[in-house]
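These notes concern the structure reproduced below.
Read-outs: derived from the displayed coordinates by stated rules, not from any lab. Treat the numbers as computed from the prediction; the structure is a model and nothing was measured. Heads up, the Cβs are rebuilt from the backbone with ideal geometry, glycines too, and the neighbour counts pull from every protein chain shown.
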Amino acid sequence: MEIARKYARDRELFGGKLSDHQGIQWMFADSATEIEASRMLTLKAASELVQGKDARHSLSMAKLYTSEMLTRVIDRAIQICGSHGYSRDLPLEWFYRDARAARLADGPSEVHRMVLGRGLISGKEDF
């Protein structure tokens, strides 16, 4: 998001800065909210591990959300930067390719959904 923020602040468009447009501001707001939610899920899972609790549910939730959030946030950054974001002028296209691997590493998203779903349906985990 730092790359996109710099680009949006510097880019002149339609007589103003790209960062002045409400749609761009909303993209930043959505991304910041998702990043913070990911941090909180990760901290919750870490806290459960430190306390010696069964953290499978929290770990799956954090891994699922974070890996998918990563792709959405990078996609927004690319959208903000336009063709520069997709080109090799900026590292965003490289981040985007690497982010895809996060949804496979340490178990694909579908496995984490399965773990979560089974626990929720069985009543072992709370909503």
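Tabulated data for the structure shown
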| quantity | calculated |
| --- | --- |
| Residues of region 27-49 that turn out to be under 16 Å from M69 (Cβ atoms) and either more than 17 Å from the chain's Cα centre (by Cα) or not hydroxyl-bearing (S, T, Y) (or both), as a count | 15 |
| Residues of region 26-66 satisfying the condition of being among the polar types (S, T, N, Q) and free of Cβ contacts under 8 Å to residues at least 40 places away in the same chain | T33, S38, T42, S47, Q51, S58, T66 |
| Residue count for region 1-22, restricted to those that are over 19 Å from M69 (Cα atoms), of a type outside the set (A, V, I, L, M) and within 20 Å of the chain's Cα centre (by Cα) | 2 |
| Residue satisfying condition, being closer than 23 Å to A105 by Cβ, of a type in the set (G, A, S) and touching a Leu at 6+ places or on another chain (Cβ under 6 Å), within set A8, A62 | A62 |
| Hey, R113 in contact with a helix residue (DSSP H, G or I) (Cβ under 8 Å, 6 or more places away or on another chain) and more than 25 Å from G23 (Cα to Cα) or not | yes |
| Residue in region 13-35 that is within 30 Å of H112 (Cα to Cα), touching a Leu at 6+ places or on another chain (Cβ under 7 Å) and of a type in the set (G, A, S) present | no |
| Helices (runs of 4 or more DSSP H) completely within region 21-127 that count 2 or more residues being surrounded by 13 or more Cβ atoms within 10 Å (Cβ to Cβ) and small (G, A, S) | 22-50, 56-81, 92-102, 109-122 |
